[in-house]
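The values are calculated or read from the model by the stated rules, or taken from the named source; none is laboratory data. Everything numeric here is computed off the predicted structure, so don't read it as measured data. Cβ sites come from the backbone with ideal geometry, for glycine too, and all protein chains shown count toward neighbours. The area values use the complete protein model at the heavy-atom level, side chains included, leaving out ligands, DNA and RNA. Shrake-Rupley method; radii C 1.70, N 1.55, O 1.52, S 1.80 Å.
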Amino acid sequence: MEISSIDLSAATIQKISNERTRAGQVNLSVLRLDKIHPVISGNKWFKLKYYLQDAMSRGIKSLLTFGGPYSNHIVATALASQLHGIKSVGIIRGEEPKVWSPSLVDAHGMGMELHFISREEFKSPNRDQLIHSFNRDNEPLLVVPEGGSGEAGVLGASEIWGLVEKSAYSHVMAAAGTGTTLAGLLRSAESGQSVIGISVMKDNLSLQNHIETLSGPDKKANFILNQNYHFGGYAKKNTELMQFMNELYKEHGLPTDFVYTGKLMYAVLDLINKNYFPPGSDILVIHSGGLQGNRSLAPRTLVY
Ligand SMILES: *Cc1c(COP(=O)(O)O)cnc(C)c1O
């Protein structure tokens, strides 16, 4: 069964040209994965694809996954499961909030059963116990790691390259949460290419190694995880970031989210400004979606 509403042909490449790119003599292209679907957006579809295929081919009718209360992965999994006729359970980090986030409301509305566990328990969940307690009909249940991490997620993410002419780019950049998307991009990048991740978390020192390990032994490209653009940590923000996102939208019609792609684009343009990229570089930025997350911002914070 295909999700007919996923439209890969909508993932256009948007060229961004401004004072900074002209001064730095670089070409900047953004792959708009945010446009393939409003909910199962961007990288989430690629990371889920093989998990869903696995479930369908083995006749598995329920899936269990993990995420925070604002997780784009939770919402994307809820809808993708529903569209495939698969039941889903979301194990959510932390106590149940008095007011559910828009992501939780949506996921629940899409048929996902939500179960809240403490932050401590979330760090090393007792999988067997969780599987047991949600496996009511004693039927097999597929566990999808948080963020769609794991081999199936990496394999799916490596297929993002299929949407572009790979050899046209000297650099590819993406935001890093679990790092699964970057591991997939790194796995299939060519020798001589540079893969650059922008970490959205503060002091996630093991992430660089984690991504290299996840990507596997056959990588040919260089990989750097830049840790300087987290803006205080995961889902943290300030007025400078909000202003930047609004300006980017006004000048280029490019909407970004404040958790991942806003920080990514800020980093890209700042690095260009600092002459990080040699003149003549062809930079591909992966817009990994996540715009639904902006609904947790106060009204009118963003102009779009
Ligand atoms: C989930 C998400 C990411 C993080 O992807 P990882 O593969 O976990 O690193 C990046 N961007 C957006 C918009 C996301 O929703």
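Below are the figures for this structure:
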| quantity | calculated |
| --- | --- |
| Residues being open to solvent by 10 Å² or more (accessible area, probe 1.4 Å), under 21 Å from Lys202 (Cβ atoms) and either more than 15 Å from the ligand (Cβ to nearest atom) or out of contact with any strand residue (DSSP E or B) (no Cβ under 7 Å at 6 or more places or on another chain) (or both) - total across the stretch 279-293 | 1 |
| Qualifying residues in the stretch 18-68 (those that are under 14 Å from the mean Cα position of the chain (by Cα) and of a type in the set (Lys, Arg)) - the one most open to solvent (accessible area, probe 1.4 Å) | Lys35 |
| Conditions (1) surrounded by fewer than 19 Cβ atoms within 10 Å (Cβ to Cβ); (2) assigned to a loop (DSSP other than H, G, I, E, B); (3) in contact (Cβ under 8 Å) with a residue 24 or more places away in the chain; (4) not aliphatic (A, V, I, L, M): number failed by Tyr276 | (3) |
| Residues (within 11 Å of the ligand (Cβ to nearest atom), small (Gly, Ala, Ser) and in contact with a strand residue (DSSP E or B) (Cβ under 6 Å, 6 or more places away or on another chain)) located in the stretch 167-224 | Ala174, Ala175, Ala176, Gly197, Ser199 |
| Every residue from the stretch 200-221 that is among the small types (Gly, Ala, Ser) and more than 16 Å from Ser149 (Cα to Cα) | Ala221 |
| Residue check for Leu104: among the aliphatic types (A, V, I, L, M), under 19 Å from the mean Cα position of the chain (by Cα) and either within 14 Å of the ligand (Cβ to nearest atom) or open to solvent by less than 10 Å² (accessible area, probe 1.4 Å) (or both) | yes |
| Residue satisfying all of: in the stretch 226-273; aliphatic (A, V, I, L, M) and assigned to a loop (DSSP other than H, G, I, E, B); most open to solvent (accessible area, probe 1.4 Å) among these | Ala235 |
| Count of residues meeting criterion [near the ligand (Cβ under 10 Å from one of its atoms) and either open to solvent by 10 Å² or more (accessible area, probe 1.4 Å) or of a type in the set (Ser, Thr, Tyr) (or both)] in the stretch 71-82 | 2 |
| Residue that is most open to solvent (accessible area, probe 1.4 Å), among those in the stretch 113-148 that are out of contact with any Gly (no Cβ under 8 Å at 6 or more places or on another chain) and among the hydroxyl-bearing types (Ser, Thr, Tyr) | Ser124 |
| Unique residue being among the small types (Gly, Ala, Ser) and crowded, with 19+ Cβ neighbours inside 10 Å when the list is Gly153, Gly162 | Gly153 |
| Pairs with Cβ under 6 Å, 6+ apart, first in the stretch 148-169 and closer than 14 Å to Ile211 by Cα, second open to solvent by 20 Å² or more (accessible area, probe 1.4 Å) | Ser149/Thr178; Val154/Leu214; Leu155/Tyr50; Ser158/Arg187; Ser158/Ser188 |
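Conditions (1) of a type in the set (D, E, K, R); (2) over 24 Å from Met110 (Cα atoms); (3) at pLDDT below 95, marked per residue:
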| residue | (1), (2), (3) |
| --- | --- |
| Gln14 | no, yes, no |
| Arg20 | yes, yes, no |
| Ala23 | no, yes, no |
| Leu28 | no, yes, no |
| Ile40 | no, no, yes |
| Asn43 | no, no, no |
| Tyr50 | no, no, no |
